[in-house]
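Structure, as structure tokens:
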Amino acid sequence: MKLSIKNLLIAILILGQSLALSAKPVIKQLSALNAKKARGKRTVLQSNLDSLNPLVFQPTDSPQGKCRTIIKACKNIEEGSFRKNEGSHVTIHNRSYNLSCQIPSGLTGTICIFVSGYSGKFSGSLFKYKGSGAYAVFRHLRKEFMTDATWISFDGPVSFRKTFNFGQELDQSCLHEIYTRTVENNPCARIIFVGLCKGATTILNYLNNPSYKDSFAPVKAIVLESPLISFETCTKKIARTKLPKPLGRILPRFFKAAFPNYVWNQPTIHDDASHFPGHIKTFIGCSRHDPVAPYEDSHKIATSLERCAICVELFEQHDKAIAHGHLAKVRRYQQKVVNFLATA
């Protein structure tokens, strides 16, 4: 997610208009379950598999169906025709991956469930909302990151403005839907969660949520790139480094109006990591010069987990040329992850 002062000002103007005009609902597939009072009414939505636009990348020596470009596959998702991807394949660096919109069954190897970062209107993502998860997985595979694993991507409501939740209940329920279906279909598989930015925060909060305890035996490790403690720390980082002081002071109020489904000032994993499963090894990668995710958050998260006897490895990148969300292309980072997962 790249933000400049110019882009943020434009965003404020556009979002101000959309708020004033009471924009039409952005999610038609999901139905509201209830509304909780926490800074007014919050929407709690029920996730279901189809609304999450899952796409499975399974490495193969026997590619099936027609060869699609990743752009076409993501376009199918974006246009609501994600089932057209069923029975086709993509080729990345001369390696084929069969595509499916169904959670696979009977796998015994490694399955990576990828939880992507924010890909809404104000992000730098090529695909906004639908298709963004699949494209993010493609980017990782193109960087030759964990190419032997089966990858499962999803997106759906996790980046819509009205339901933007930044690792809270909705984001966790979407991940839970994908994870439980994967485990049911593949009880002998080795599950790895891979998360980027907001997705990394979702993974941490999900694993630390006592409501889901005793569900994580198949999860052997997690790989987190640029995790944040909360949306508040991201807001402070942007305000401090990207904006003049007057705009920086109003940014929290702007975000509170823009994202009504996020509850501010909630307990975080930095406050209490005691519910985090003790067997899950954790790899955290961060960049010292990340303009969005403070590297201090990664250090604080690692410290909180280590206090609870969690095995944590922390990687810090110092190259200013590596943009937010692109650590996976750093060879040293890749090798560190490979070595880490070899012991998980």
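Descriptive notes on the structure:
- Of all the residues in region 98-119, those that are over 11 Å from L55 (Cα atoms), in contact with a helix residue (DSSP H, G or I) (Cβ under 7 Å, 6 or more places away or on another chain) and crowded, with 21+ Cβ neighbours inside 10 Å number 6.
- Residue count, region 118-135 (criterion: part of a loop (DSSP other than H, G, I, E, B), closer than 20 Å to I178 by Cα and hydroxyl-bearing (S, T, Y)): 3
- Considering region 187-280, the qualifying helices (runs of 4 or more DSSP H), each wholly inside and each with 3 or more residues that are modelled with pLDDT under 95 and not small (G, A, S), run over 231-242, 245-258.
- Among residues of region 282-313, those that are more than 19 Å from the chain's Cα centre (by Cα), outside any helix (DSSP H, G or I) and closer than 28 Å to F216 by Cβ, counted: 6
- Residues that are modelled with pLDDT under 95 and under 14 Å from I92 (Cβ atoms) within region 142-172 comprise R142, K143, E144, F145, M146, T147, D148, listed in sequence order.
- Of residues in region 57-74 being surrounded by fewer than 18 Cβ atoms within 10 Å (Cβ to Cβ) and in a helix (DSSP H, G or I), the one nearest to the chain's Cα centre (by Cα): I71
Residues are listed down the side, and each one gets a yes or a no for (1) on the phi > 0 side of the Ramachandran plot; (2) assigned to a helix (DSSP H, G or I):
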position: G80; (1), (2): yes, no
position: H89; (1), (2): no, no
position: V137; (1), (2): no, yes
position: I152; (1), (2): no, no
position: K162; (1), (2): no, no
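The values are calculated or read from the model by the stated rules, or taken from the named source; none is laboratory data. Predicted, not measured: the structure shown is a model, and the values here were computed from it. Cβ atoms come from the backbone with ideal geometry, glycine included; neighbour counts cover every protein chain shown.
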